Amino acid sequence: MAEAAIPVAGRRHGDWPFLLCYALAWAGAVAGYGPLLTLLLPLRVAELAGPAAVPWLATLTFIGAVSASLTNIAWGWASDRTANRRGWVAAGLVLSCALLLAMPLATTLPALIMVVVAWQAALNMVLGPLAAWAGDCVPDRHKGVLGGLLAFAPAWSGAMGALVTLPGLHSGPGVGFATRVSVLAVIVALSILPLLLISPRLTPLPEPAPLPDPGAAPRALPVRRMWLARLLVQLAEATLFAFIAYWFLAIDPTMHAATMARIYGLLLALSVPLALVVGHWADRRARPWRPLAALAGLVAVGLVIMALAPGRGVALAGYALFALAMAVFLALHAGQTLRVLPRPDRRGRDLGLFNLTNTFPSLIVPWLAVGLVPTLGFGALFLVLAACAGLAALLLLSIRQA
């Protein structure tokens, strides 16, 4: 693994060919875990565990989240130390696809958990270095557009989830699961291979410039505020991800699951052009923080509307505002995070630490929901989450223009 990555000043890999291939690769990586964790694995656990599916799935989810968090940091750090991204992404792609194909061979729950944990470690060998690769190659002037393109990933993941759950792919217990994960492995490989094949070779990372004062990194404060802001907003995202079906039924007991899926899919699709427009505006005006602060504020407004809505129509309008602002915020935040990381030689490790904002909420949300919803209802929960999103907006507004 001798090939190295470069910082943004080296070459103009931030132009459209690289950006498009990178966006496709990232969407493929997200599609590698989205449909599996939300659709295929729960069904597989139900096949194997029967009535005990819920505790087994909770165990698998918890252990998998710990594995993903630690290995994302580890592989990002390894790609920093070896000054290489491509080799780690390629190795992770091979290992994760092989473990996907091996998953149907796990016919007991302990075996399935071991394979899934190993698969998550391998997938993060792709995700950790891949996230840092964008920081190496995309200049600050394109960070907003990069974030806009990353909004394509959730929509692509949702589309792939619909594809791999088509009734025609199912031909009996076990066989259906094997067919679906095989299709998923092919999708992931075809999405990531173009970036590995067409990206030009890169030159070594330079030594980082010494800081003028060892006790004060120039970008330490923006980094911390960006991290905390994302964590606060992710609390709302994780809560709605886990409990949105229950909320839909609370406002309309007759709503069908297919209707919920169509609403969610439509909003994800609309978020892609919106994120591109907002990201392009941020690049043209060199105002990376203002759109993020405004979007966090809109997330808060959407939650307040959902909490106080007098009826179904207003509640769904609030949800639409929330979901669109959330999707665009998360995509643009991912791109702008690369702007504030202070050292290219540890970018992979630092992005792994940022990735904890995606896993910590999963540990907080169940307790928050259990403490509020049974006694005070979803409205109280949404108001607490709106306060978190509002605080995130204030944190982002307090960041001075870099």
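The values are calculated or read from the model by the stated rules, or taken from the named source; none is laboratory data. A quick note: this is a predicted structure, and the numbers were derived from the prediction, not measured. Counting neighbours? That spans all protein chains shown, and the Cβs are built from the backbone with ideal geometry, glycine included.
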| message | Just to be sure before I move on: is V373 at pLDDT 85 or above, hydrophobic (A, V, I, L, M, F, W, C), closer than 19 Å to Y246 by Cα and surrounded by fewer than 21 Cβ atoms within 10 Å (Cβ to Cβ) in the structure I sent? | response | no
| Entirely in region 33-146, the helices (runs of 4 or more DSSP H) that have 2 or more residues that are closer than 30 Å to L295 by Cα and either modelled with pLDDT of 90 or more or touching a strand residue (DSSP E or B) at 6+ places or on another chain (Cβ under 7 Å) (or both) | 53-81, 109-137
| field | Residue match in region 259-272 (condition: without any contact (Cβ under 8 Å) to a residue 40 or more places away in the chain and touching a Phe, Trp or Tyr at 6+ places or on another chain (Cβ under 9 Å)) | value | yes
| remark: From the option list A307, A282, single residue qualifying as closer than 22 Å to L383 by Cα and either of a type in the set (G, A, S) or not assigned by TED's automatic domain parsing to the domain that holds L338 (or both) is A307
| task | Might you check whether a residue that is under 21 Å from W75 (Cα atoms) and not β-branched (V, I, T) occurs anywhere in region 288-299? | result | no
| query | Taking into account only those residues within region 243-262 that are over 21 Å from L385 (Cα atoms) and crowded, with 16+ Cβ neighbours inside 10 Å, which is nearest to the chain's Cα centre (by Cα)? | reply | M260
| What do you reckon, is N124 under 17 Å from L36 (Cα atoms) and crowded, with 24+ Cβ neighbours inside 10 Å? | yes
| message | When you scan region 47-62, do you find a residue that is closer than 21 Å to L330 by Cβ and surrounded by fewer than 21 Cβ atoms within 10 Å (Cβ to Cβ), even just one? | response | yes
| Do the conditions hold for F382, that is, is it farther than 30 Å from R141 by Cβ, of a type in the set (A, V, I, L, M, F, W, C) and buried (at least 24 other Cβ atoms within 10 Å of the Cβ)? | yes
| field | Residue identified as more than 18 Å from L295 (Cα to Cα), at pLDDT 90 or above and not aromatic (F, W, Y) among A380, A389 | value | A380
| request: Would you mind stating whether L332 is out of contact with any strand residue (DSSP E or B) (no Cβ under 7 Å at 6 or more places or on another chain), surrounded by 23 or more Cβ atoms within 10 Å (Cβ to Cβ) and assigned by TED's automatic domain parsing to the domain that holds L231? | output: yes
| said: Restricting to region 341-370, count the residues that are touching a Pro at 6+ places or on another chain (Cβ under 9 Å) and modelled with pLDDT under 75. | reply: 4
